[in-house]
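Here the structure comes first, spelled out in structure tokens, and everything after it is commentary.
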Amino acid sequence: MTQTRRQFLKTTALATAALGVLATGPSFAQSVDQEDLLKPGPLGDKILGDENAPVTIVEYASMTCGHCANFHKRTWPDLKKDYIETGKVRFIFREFPLDPVAAAAFMLARCAPQDKYFEIVDVMFDQQRSWAFTDNPYQSLLDFSKQIGFTQESFEKCLTNQGLLDAVNAVKDRGAEEFGVNSTPTFFINGERVSGALSIDDMGKKIDEYL
């Protein structure tokens, strides 16, 4: 039976209530164990670049994070062109939803064809204001999802997949509990934790330390 919009939002909000709270706790070291960091989560990692690249960057992001959107609009194109596509950097993108709408967006990206994941994430960040900050998130996400190939049926099937939601949540929880992620975007550059929407110059300086 098709859910009503109210039922859908209630289900999503209840299932992801904990996602709206930033991780809190003691200060963490600025570096983490690279071997532990690179162990993939239950959904597997989304990766771009040469697996033998000298630098590995792991980004934890939220789809409703304005700073994350700014990074992906302003820094990401140059990072991809100058470092990832040239074999210097392997890039891993991980889900860290800060609210139920972000969790739903990540679920949609995971439900889409696997080879479209990064393309869809780019579009989501580019059009963030059209779907992330509205009075009717159900309708806004539904309208947006149709632009990237979903029907209402496939949209609702994806967002009522409890196993998928649990897996997205598990990625966030592990990032917070094991690696001290408490804001987005947070990057690990060869295990060194750096927070904030870095410019390409700042990102380049950090990468160059390992080249």
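A few points about this structure:
- Cross-link check: pairs 73/172; 116/206; 146/206; 39/88; 88/157 evaluated at a Cα-Cα cut-off of 31 Å; pairs beyond the cut-off: 146/206; 88/157.
- With Cα atoms, 0 to 90° folded angle of helix 137-147 axis to the chain main axis: 70 degrees
- Relative to the globular-protein estimate of 2.2 N^0.38 Å, the Cα radius of gyration of region 61-120 stands at 1.20.
- Acute angle (nearest 10 degrees) that the helix 5-15 long axis makes with the longest principal axis of the chain, alpha-carbon atoms: 40 degrees
- Within the shell defined by Cβ-Cβ distances under 12 Å, the residues around residue 50 carry a net charge of 0, with Lys and Arg each +1 and Asp and Glu each -1.
- Measuring gaps between exposed loop sites in the chain (GluC sites (Glu not before Pro); DSSP loop; at most 15 other Cβ atoms within 10 Å), the longest gap, sites not included, is 86-208.
- Computed per residue of the chain from DSSP H runs no shorter than four, each worth -39500 (n - 2.57), the mean residue ellipticity at 222 nm is -13500 deg cm²/dmol.
- Working from Cα pairs under 8 Å separated by at least six residues, relative contact order for the chain is 35 percent.
- Summed residue charge, Cβ within 14 Å of residue 201's Cβ, Lys/Arg positive, Asp/Glu negative: -2
- Summed residue charge, Cβ within 12 Å of residue 144's Cβ, Lys/Arg positive, Asp/Glu negative: 0
- Degrees, to the nearest 10: 117-126 long Cα axis against longest axis of the chain: 80 degrees
- Built amide H within the under 5 Å cut-off of residue 193, gap 5+: 31, 32
- Whole-percent carbon and sulfur share, accessible surface of the chain, 1.4 Å: 48 percent
- Note: relative contact order over region 35-105, using C-alpha pairs below 8 Å and six or more positions apart, is 49 percent.
The values are calculated or read from the model by the stated rules, or taken from the named source; none is laboratory data. Remember, predicted model here, so these are calculated numbers, not experimental data. Cβ sites come from the backbone with ideal geometry, for glycine too, and all protein chains shown count toward neighbours. Side chains are part of the model used for accessible areas, which takes the heavy atoms of the whole protein and leaves out ligands, DNA and RNA. Shrake-Rupley method; radii C 1.70, N 1.55, O 1.52, S 1.80 Å.
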